[in-house]
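Since the structure comes first, as structure tokens, the remarks are kept for the end.
The values are calculated or read from the model by the stated rules, or taken from the named source; none is laboratory data. As the structure is a computational prediction, the values presented were derived from the model and not from experiment. Cβ placement follows ideal geometry from the backbone for every residue including glycine, while neighbour counts extend to all protein chains displayed.
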Amino acid sequence: KLMKVFLTRRIPPEGMKILSAAGICEVSQWDSDEPVQRADLLKGVQGAHGLLCLLSDKIDAEVLDAAGPNLKVISTLSVGYDHLAIDEIKKRGIRVGYTPDVLTDATAELTVALLLAAARRLPEGVEEVKNGGWSSWKPLWLCGYGLSGSTVGVIGLGRIGMAIAQRLMPFGVKRLLYSGRTAKDYAAEVNGEYVPLDTLVSESDFIVVSCSLTPETQGMCDKAFFSKMKNTGVFVNSSRGIVVNQEDLYAALSSGQIAAAGLDVTTPEPLPTNHPLLTLKNCVVLPHIGSATYSTRGIMGALSAQNLLGGLQGTDMPSELTF
Ligand code: GLV
Ligand code: GLV
């Protein structure tokens, strides 16, 4: 008898192919590129043995109860799993698959691009070319900050943080500071200095947030944080929006407390088009596209399908979250 799986969205075809080739499950799907409504999610999961979800789906006790006792596996098409109520999932003996590693390079590249865009004011420059603001080559126009000789601080030197550091070092970065729960042996590869968060914040020219969202990191970048940053400092976040207090960031950017910010993640997502941050020239906001390369999304689709199948069959998953 075929097992029932529910997919909360259209996923890359690489994943769909793997699911149908396996021949062990009957797939029902929220067949759209837009998020499933809560009521449709609660209905869709009923009786499911497997659930494939995205980071925009909150999987909590209510969803798990709606699914019922068949549910063996949740496979998320993301490396982050802060949208999953892990305690509730664990209590019910459900396995979890996710997509680490395969998106590390794409996300690190995007973060570097975002850092440079914010530091060198690329969106402003593009805008000036289009609106006629480009009147001549002007010595003091559209100046920003460069990486050469700078100090970079990485908050959360995990897989992605390390890949960002590796890409930034060749730009001539002088010091690479990092903070987090523990010092990392592999930080030596990027000459990383493990420092307290306060030291990192006050000494860095560029701060990159690449930690996971936890109770400790939620709201970590607040008024006190920004007030310790250099006035020439550039702040970049490609982890989760809620790590940042956006009102405090707005105040820091609009008052000149810090120079610029680049955000690939916000609270909420999507950020309303009338949000105050979007009125600031020194704030570059992207729509959470860290892992968005064609190839990476295809691989994520395949991996999430393989994780789902492993969970359904009770065999190894290529990327199982251990908790
Ligand atoms: C993206 O933010 C992810 O968690 O994969
Ligand atoms: C810039 O284009 C320069 O020639 O300095």
Breaking point among (1) closer than 28 Å to SER20 by Cβ; (2) of a type outside the set (Lys, Arg); (3) within 16 Å of ligand 1 (Cβ to nearest atom); (4) out of contact with any strand residue (DSSP E or B) (no Cβ under 9 Å at 6 or more places or on another chain), for THR315: (3)
Evaluation of SER135 against (1) among the hydroxyl-bearing types (Ser, Thr, Tyr); (2) more than 24 Å from the chain's Cα centre (by Cα); (3) assigned by TED's automatic domain parsing to the domain that holds GLY298 (one fails), failing number: (3)
Residues of the range 276-310 satisfying the condition of being over 20 Å from LYS58 (Cβ atoms), more than 14 Å from ligand 1 (Cβ to nearest atom), touching a residue at least 24 places away in the same chain (Cβ under 8 Å) and surrounded by 17 or more Cβ atoms within 10 Å (Cβ to Cβ): LEU277, ASN282, CYS283, VAL284, ALA302, ALA305, GLN306, LEU309, GLY310
Listing of strands (runs of 3 or more DSSP E) fully contained in the range 182-260 that carry 1 or more residues being without any contact (Cβ under 8 Å) to a residue 40 or more places away in the chain: 192-194, 234-237
Residue match in the range 109-129 (condition: of a type in the set (Ser, Thr, Tyr) and touching a strand residue (DSSP E or B) at 6+ places or on another chain (Cβ under 6 Å)): no
Members of the range 73-109 found to be among the charged types (D, E, K, R) and within 9 Å of ligand 1 (Cβ to nearest atom), listed by number: ASP82
Checking GLU269 against (1) within 18 Å of LEU55 (Cβ to Cβ); (2) surrounded by 15 or more Cβ atoms within 10 Å (Cβ to Cβ); (3) touching a residue at least 60 places away in the same chain (Cβ under 8 Å), the condition it does not meet: (2)
Selection status of ASN274, of a type in the set (S, T, N, Q) and out of contact with any strand residue (DSSP E or B) (no Cβ under 9 Å at 6 or more places or on another chain): yes
Lone qualifier among ILE164, ILE160 - being in contact with a helix residue (DSSP H, G or I) (Cβ under 8 Å, 6 or more places away or on another chain), closer than 23 Å to LYS230 by Cβ and crowded, with 22+ Cβ neighbours inside 10 Å: ILE164
Search result, residues across the range 155-176 that are more than 12 Å from THR107 (Cβ to Cβ) and either of a type in the set (Val, Ile, Thr) or at pLDDT below 95 (or both): ILE155, VAL173
Failed item, numbered, when LEU253 is tested on (1) within 16 Å of ligand 1 (Cβ to nearest atom); (2) within 29 Å of SER202 (Cβ to Cβ); (3) among the aliphatic types (A, V, I, L, M): (1)
Inter-residue pairs, beta-carbon under 7 Å, first assigned by TED's automatic domain parsing to the domain that holds VAL45 and in the range 75-96, second more than 16 Å from ligand 1 (Cβ to nearest atom) and among the basic types (Lys, Arg), 6+ apart: ILE94/LYS72; ARG95/LYS72
